[in-house]
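In what follows, a single structure is set out as structure tokens and then discussed.
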Amino acid sequence: MGNTLSNPELLNTLQEEQGRLLAFCKSLGTDINRQAHPDLSPPGWHLGHCIFTENYWLRERLLGIEYTDDKHTRLYNPEYSEKRLRGKRIPPMQTLLSWAMKSHAINRQLITHLNGHVREPRLMQDDYLIHFLIQHYAQHFETLQIIAMQQALVEAQEFFVRHPLEGSIVNQICQIIPAGRYSVGADLPDRPYDNEYPAYTVDIDATAIAARPVSNTEYLGFMEDGGYRRKDFWCDAGWQWVNTLNKQSPEYWHPDSEGYWYALTPRGPADLDMDEPVYGINWYEARAFANWVGGRLPHEHEWETANRLGLLEATGKVWEWCANHFFPYPGFRAFPYNGYSAPYFDGAHYTLKGGSRLSRDIIKRPSFRNYYQADKRFIYAGLRLVYDP
């Protein structure tokens, strides 16, 4: 245990995720150096970072093969690479693709022939490292799709709405989470990240949680009722954000020449579906909407419990903002390195749950915890409401 690959099928899954990322990058042509958003790296950096990460963990950390060089470390290790300067240093696409395919082939052979010769057996316990790499590719694939949407924002062309969206009041069916003690965290079959460990029990009061996320038409109702202009719905930091940047709508909403709203999607501009969850909002906006309705955002433990009880519909369509900061569970231990979760237990990041349309199924488990700062809204994120008795 911990010295060989116990489930060879995982290599096929890893290869699928690698191939999906490579294919998406190829579809971008030679335009891999452009930084479409100040919080997002250029596409070519994500590809290079994934290759670098795989090589580092498999060769250097697992097998003790001296691999990393200063050139790659200084570019693809985020700690040493300033985001705004990455685009100027990325090699041509063909160079990246050649490096990727060569690395993948070598690494598959190394994994297949471990034969018990590993430097850190814990990394292969229950095939942890392979699960880690699969999820790492999946997360960067989602980010690349967001980058493509941000590119579309820059290059947005005229679009004419065929079916105008109309605002509505919030009219949702709620489910009751019974008061009780519940277990949260650590879905072991999915080899969770360190921030999902260890599982523990929490006390939850009886709470009504919306069966589905807030829809586009409900969010438009908030906008039409002056939601972005009424200070009483916003926290101080959120109100400052609204006024400083003059935001009046979700990130990916745009008006056509008649003033009707449409959305930018990974497939291009499209009419807004009234029943689909709103996306492209930050924590400030989600909280302001909840205040407008007279509800609140769920604590992540309420959300996870409701999901495990089968009370939630339409999960996995948008990441859902939670009320609480991202925090360490009791007994948290960083693994496989200190930098994945621990730096973000800073009181500035909030938890999101559920996954989105852009997410791979392997990270849509109930215990998975995403985390971003309150002002970030390039994420494919919306919200779900809860109501106290």
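Points to keep in mind about this one:
- Exposed-site-free run, longest, the chain (rule: GluC sites (Glu not before Pro); DSSP loop; at most 16 other C-beta within 10 Å): 167-257
- Debye equation applied to the C-alpha atoms of the chain, log10 I(q)/I(0) at 0.09, 0.12, 0.15 Å⁻¹: -0.57, -1.00, -1.43
- Signed unit charges on C-beta, dipole axis of the chain, positive-most listed residue Tyr372, Ala138, Ala23: Ala23
- Centre-to-centre separation between the Cα atoms of the range 51-102 and those of the range 183-260: 35 Å.
- For the range 232-278, the gyration tensor built on C-alpha atoms gives a prolate shape. Its axis ratio a/c (a ≥ b ≥ c) is at least 1.5, and a/b is the larger of a/b and b/c.
- Structural descriptor for the chain: relative contact order 18 percent, calculated from alpha carbon pairs under 8 angstrom and at least 6 residues apart.
- Signed unit charges on C-beta, dipole axis of the chain, positive-most listed residue Gln240, Leu358, Val386: Leu358
- Dipole of the chain, positive direction: furthest Cα of Ser103, Trp253, Val214, with charges on the beta-carbon: Ser103
- Over all distinct Cα-Cα pairs of the range 9-154, the Kirkwood formula returns a hydrodynamic radius of 15.8 Å.
- Residue order for Tyr80, Tyr137, fewest other beta carbons within 10 angstrom first, comes to Tyr80, Tyr137.
- Sorted by Cβ density within 10 Å, fewest first, the residues Tyr284, Tyr337: Tyr337, Tyr284
- Taking the Cα centre of the range 9-154 as reference, the dipole from Cβ charges on Lys and Arg (+1) and Asp and Glu (-1) amounts to some 520 debye.
- Amide H to amide H distances under 5 Å link Ser215 with Val278, where only residues 5 or more positions off or on other chains count and H is placed in the peptide plane.
- Hits among lysines - C-alpha to C-alpha of Lys83 under 24 Å, sequence gap 8 or more where chains match: Lys26, Lys71, Lys376
- Rg over Rh, two decimals, the range 174-387 (C-alpha only, Kirkwood Rh): 0.97
- Unit charges on C-beta of K, R, D, E only; dipole of the range 13-74, Debye: 120
- Calculated [θ] (222 nm, deg cm²/dmol) that DSSP helices of n ≥ 4 give over the chain, each run adding -39,500 (n - 2.57): -10500 deg cm²/dmol
- Counting other Cβ atoms within 10 Å as a rough exposure proxy, the listed residues Leu14, Leu110 run Leu110, Leu14 from fewest neighbours to most.
- Note that the range 221-336 shows a convex hull volume over its alpha carbon atoms of 177 Å³ per residue.
- Assuming charge only on the beta carbon of Lys and Arg (+1) and of Asp and Glu (-1), the dipole of the chain about its Cα centre is about 1000 debye to the nearest 20.
Every number in this text was worked out from the coordinates using simple rules, so none of it is lab data. Everything quoted here is computed from the prediction, not taken from an experiment. Cβ sites come from the backbone with ideal geometry, for glycine too, and all protein chains shown count toward neighbours.
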